[in-house]
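The values are calculated or read from the model by the stated rules, or taken from the named source; none is laboratory data. Quick caveat, the model's predicted, so the values are computed rather than measured. A quick note on method: Cβ atoms are made from the backbone with ideal geometry, for glycine too, and the neighbour counts reach across all protein chains shown. Surface accessibility is based on the protein's heavy atoms, side chains included, excluding ligands, DNA and RNA. Shrake-Rupley method; radii C 1.70, N 1.55, O 1.52, S 1.80 Å.
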2 protein chains.
Amino acid sequence: MPPLPPVTLTDVREAAARLKGVAHRTPVLTSRTLDGLVGARVFVKCENFQRVGAFKIRGAYNAAARLTPDQLARGIAAYSSGNHAQATALAARELGTSAVILMPEDAPRSKMAATAGYGAEIVTYDRYTQDRTALGEALAADRGLTLIPPYDHPDVIAGQGTATLELLEETGELDAVVAPVGGGGLMAGSAVAATALHPGVRMIGVEPEAGDDTRRSLESGERVTVPVPRTIADGQAIATPGEITFGINQRLLDSVELVSDEEIVAAMRFAFERLKIVLEPSGATGLAALLAGRIGKLPPRVGVIASGGNIDTARFTALLGAEGSTAGR
Amino acid sequence: MPPLPPVTLTDVREAAARLKGVAHRTPVLTSRTLDGLVGARVFVKCENFQRVGAFKIRGAYNAAARLTPDQLARGIAAYSSGNHAQATALAARELGTSAVILMPEDAPRSKMAATAGYGAEIVTYDRYTQDRTALGEALAADRGLTLIPPYDHPDVIAGQGTATLELLEETGELDAVVAPVGGGGLMAGSAVAATALHPGVRMIGVEPEAGDDTRRSLESGERVTVPVPRTIADGQAIATPGEITFGINQRLLDSVELVSDEEIVAAMRFAFERLKIVLEPSGATGLAALLAGRIGKLPPRVGVIASGGNIDTARFTALLGAEGSTAGR
């Protein structure tokens with residue numbers, strides 16, 4: 001029998017208290033069109049409206065806020081080319097300390113600029129020849145910084161779980177909660193919160209087809225590594241589940257479903273044309289699983305975490321432009 | 001001295017009561033990035049999340065709901081190629097009656113399909129050879145239908161004013177309210193509500209440069225007609241202000257500012273990349289005026305009506321795609 005999960009509903013609630021005034025309480029959208037298409041009442045938790053444009057600030061801030069005054073004074077660090085970079089930078093600024101973010105030298109200029117805009121120092125590396133984990137640990141050791149991991153940490157998991165805690169506070173009991181799975185932090189935190197509040201809830205993770213490491217790991221009963229995923233869902237291009245996150249997800253998830261890149265693009269278009277919201281590919285995978293019928297027959301009331309909206313118009317256009325519109329067809 | 005406005009705060013409040021459970025109470029978004037850029041605290045009333053994707057349901061439903069049972073039983077009609085078509089169709093369905101919508105035969109298929117999807121009958125005409133007003137009146141007379149005008153009617157104006165009533169209920173007193181001006185119904189209703197509640201509020205309309213009929217009319221002191229406007233802001237491609245709307249706007253507006261199509265596209269991009277919301281061109285003109293500095297120095301607290309989000313990804317891509325992204329530059 002695996003050990004008890006190291007994260008509890010109390011941890012998530014304490015994280016929520018810490019995040020008050022820092023993270024937005026994001027809106028929950030509903031759409032009669034969506035409900036009609038999927039045959040259930042769907043509640044979309046819009047973390048694309050979160051600060052830094054994604055749920056990541058919840059975990060990063062919660063973890064940083066739990067450091068000792070000494071640790072905090074020395075500063076924090078992260079390695080990320082994505083939303084966790086901006087989240088760690090903003091967490092540092094909110095807590096009055098400094099952040100160093102290790103980013104690949106070919107990361108998008110817009111993400112570097114946004115991270116620097118929060119006052120973080122950016123250190124670049126060559127992602128083809130250098131190992132970011134070793135570099136990050138060396139950097140943190142040299143400078144006395146504390147690394148804030150992107151998902152595999154109890155405080156990060158508890159922080160991410162506050163998104164689903166808020167969702168359930170707004171909707172009341174749900175029959176199922178659907179969330180994207182990358183490293184598994186959002187999913188694990190969500191599962192801790194939801195199953196503690198409503199033991200009968202179905203917890204459904206969604207991965208891109210090319211990044212099905214958590215699904216395969218659940219099938220194998222142990223963490224497996226898949227080839228580096230090639231998918232438009234860059235926030236889920238992760239080859240191995242986290243250790244702590246997998247331990248929780250193995251215990252609390254009902255299933256992990258897969259979606260294709262084409263289904264993700266269709267969900268992004270649906271979000272744009274019908275919900276009038278912007279979702280990045282990873283932020284749309286939960287919705288994609290619903291719209292593509294990947295979950296099978298849905299129970300009456302389903303929550304879905306739309307986890308982020310960080311995509312610029314150029315990339316959006318590149319992803320959707322060639323295929324034209326399906327609105328109203 | 002012009003006659004007293006035929007629409008009062010009481011009318012707007014009664015419209016709000018009628019719209020309860022029919023129109024969404026749309027969210028008000030704020031953005032630190034936006035506030036920093038324009039130097040004011042800005043409250044964005046998101047009517048892009050409204051049913052039918054725009055504020056138009058407010059006025060159409062309020063006007064239809066005020067008909068006698070006999071009138072209602074015979075059915076309602078509208079001529080519109082835009083959001084008012086869908087709004088009238090939905091209003092009819094909500095009130096348990098039928099709607100006939102006169103649309104140009106070359107209207108976008110998606111708008112026709114959406115209008116038909118609400119159960120309306122669509123009658124097409126050739127916009128190059130036929131006069132839609134005459135056609136609409138003949139159709140209504142033949143079939144005993146009541147025409148629901150798109151803006152120039154007290155009940156439509158009162159309905160549209162509920163958007164600003166809700167905004168002020170949420171924000172409390174504002175120093176200025178900025179709204180797009182097409183036929184002038186949203187602006188007039190907003191001005192009635194806002195100036196009655198807060199007599200010191202500045203009411204600022206925004207028109208596309210090519211459709212500056214209300215601005216010119218205010219300068220002339222009487223309604224003038226401009227050449228058929230060529231602008232991407234199709235909801236504001238109107239050549240002459242309404243008679244009732246102009247009477248109200250002449251009395252209650254402080255100014256009307258103009259924005260270029262380029263400024264509208266830039267505002268749509270900002271809404272997408274920073275606010276993570278989808279705005280159609282007309283829905284973005286208020287935001288465009290703020291971002292382009294068209295209003296001059298802003299007072300501390302400014303509300304802006306983002307009036308609609310009906311644009312498909314193909315048109316969005318066509319408008320923004322060629323120019324690439326400015327995110328993070």
Could you grab the pairs with beta carbons closer than 8 Å, sequence gap of 6+ or different chains, first residue in segment B:301-312 and within 12 Å of chain A (Cβ to nearest Cβ), second one among the polar types (S, T, N, Q) and surrounded by fewer than 24 Cβ atoms within 10 Å (Cβ to Cβ)?
B:D312/A:S325; B:D312/B:S110
Can you tell me which condition B:R230 does not meet? The list is (1) at pLDDT 95 or above; (2) over 15 Å from the mean Cα position of the chain (by Cα); (3) over 30 Å from A:H24 (Cα atoms), and all the others hold.
(1)
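This table checks each residue for (1) surrounded by fewer than 24 Cβ atoms within 10 Å (Cβ to Cβ); (2) among the hydrophobic types (A, V, I, L, M, F, W, C); (3) free of Cβ contacts under 8 Å to residues at least 12 places away in the same chain.
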| residue | (1), (2), (3) |
| --- | --- |
| B:R32 | yes, no, yes |
| B:G36 | yes, no, yes |
| B:G39 | yes, no, no |
| B:N48 | no, no, no |
| B:K56 | no, no, no |
| B:N62 | no, no, no |
| B:G75 | yes, no, no |
| B:Y79 | no, no, no |
Members of segment B:8-22 found to be of a type outside the set (S, T, N, Q) and open to solvent by 60 Å² or more (accessible area, probe 1.4 Å), listed by number
B:R13, B:E14, B:A17, B:R18, B:K20, B:G21
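Do we find that B:E280 is closer than 23 Å to B:Q50 by Cβ, part of a loop (DSSP other than H, G, I, E, B) and of a type outside the set (A, V, I, L, M, F, W, C) in this structure?
Numbers: closer than 23 Å to B:Q50 by Cβ: yes; part of a loop (DSSP other than H, G, I, E, B): yes; of a type outside the set (A, V, I, L, M, F, W, C): yes.
Criteria met by B:E280.
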Of the residues B:I244, B:I264, B:I277, B:I311, which is under 21 Å from B:L186 (Cα atoms) and in contact with a His (Cβ under 8 Å, 6 or more places away or on another chain)?
B:I244
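Output the residue which, of all residues in segment A:128-148 that are touching a residue at least 40 places away in the same chain (Cβ under 8 Å) and among the charged types (D, E, K, R), is most open to solvent (accessible area, probe 1.4 Å). Outline the logic, then answer.
Kept after step one, since they are touching a residue at least 40 places away in the same chain (Cβ under 8 Å), are these residues of segment A:128-148: A:132-133, A:135-136, A:139-140, A:143-148.
Pick out the ones that are also among the charged types (D, E, K, R) and you get A:132, A:143.
Working: A:R132: 87, A:R143: 106 Å².
Checking each candidate, the answer is A:R143.
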Matching option when the condition is in contact with a Pro (Cβ under 7 Å, 6 or more places away or on another chain) and farther than 30 Å from A:S110 by Cβ, among B:I264, B:I232, B:I244
B:I244
Any residue in segment B:269-276 that is within 17 Å of the chain's Cα centre (by Cα) and within 14 Å of chain A (Cβ to nearest Cβ)?
no
For residues in segment B:313-328 being more than 7 Å from chain A (Cβ to nearest Cβ) and over 19 Å from B:P108 (Cα atoms), which is modelled with the lowest pLDDT?
B:T326
The one condition B:E94 fails out of (1) open to solvent by less than 10 Å² (accessible area, probe 1.4 Å); (2) closer than 22 Å to B:L165 by Cβ; (3) not assigned by TED's automatic domain parsing to the domain that holds B:E170 is (1)
Before we move on, is A:V256 more than 14 Å from chain B (Cβ to nearest Cβ) and either of a type in the set (D, E) or part of a loop (DSSP other than H, G, I, E, B) (or both)?
no
Considering segment B:219-240, residues that are among the small types (G, A, S) and farther than 16 Å from B:P150 by Cβ, and then whichever is most open to solvent (accessible area, probe 1.4 Å), we arrive at B:S220
Does segment A:259-276 include one or more residues that are of a type in the set (D, E) and not in a helix (DSSP H, G or I)?
no
On the given criteria, is A:P241 within 29 Å of A:T30 (Cα to Cα) and at pLDDT 95 or above?
no
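Within segment A:199-227, which residues are over 16 Å from the mean Cα position of the chain (by Cα) and among the acidic types (D, E)? If you could, list the steps in order and put the result at the bottom.
So in segment A:199-227, the residues over 16 Å from the mean Cα position of the chain (by Cα) come out as A:199-202, A:209-210, A:215-227.
A:E209, A:E219, A:E222, listed by residue number.
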When A:P108 is run through (1) open to solvent by less than 70 Å² (accessible area, probe 1.4 Å); (2) away from chain B (no Cβ under 14 Å); (3) within 26 Å of A:V181 (Cβ to Cβ); (4) modelled with pLDDT under 95, the failure sits at (2)
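I'm checking my understanding of the structure. Among residues of segment A:152-185 that are of a type in the set (S, T, Y) and surrounded by 24 or more Cβ atoms within 10 Å (Cβ to Cβ), which one is nearest to A:L218 (Cα to Cα)? Outline the logic, then answer.
Just the residues of segment A:152-185 that are of a type in the set (S, T, Y), to begin with: A:162, A:164, A:171.
With surrounded by 24 or more Cβ atoms within 10 Å (Cβ to Cβ) added as a condition, the list becomes A:162, A:164.
Values: A:T162: 24, A:T164: 22 Å.
Going through the qualifying residues, I end up with A:T164.
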Matching entry among A:E243, A:E273 (being surrounded by fewer than 18 Cβ atoms within 10 Å (Cβ to Cβ), of a type outside the set (S, T, Y) and over 19 Å from A:A210 (Cα atoms)):
A:E243
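Would you confirm, using the coordinates I've provided, whether B:A99 is surrounded by 24 or more Cβ atoms within 10 Å (Cβ to Cβ), touching a residue at least 40 places away in the same chain (Cβ under 8 Å), in contact with a helix residue (DSSP H, G or I) (Cβ under 7 Å, 6 or more places away or on another chain) and farther than 24 Å from A:F270 by Cβ? Step through it out loud before you land on a result.
On the way: surrounded by 24 or more Cβ atoms within 10 Å (Cβ to Cβ): yes; touching a residue at least 40 places away in the same chain (Cβ under 8 Å): no; in contact with a helix residue (DSSP H, G or I) (Cβ under 7 Å, 6 or more places away or on another chain): yes; farther than 24 Å from A:F270 by Cβ: yes.
No.
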Considering only segment B:179-222, state which residues are of a type outside the set (G, A, S) and in a loop (DSSP other than H, G, I, E, B).
B:V181, B:H198, B:P199, B:V201, B:D212, B:E222
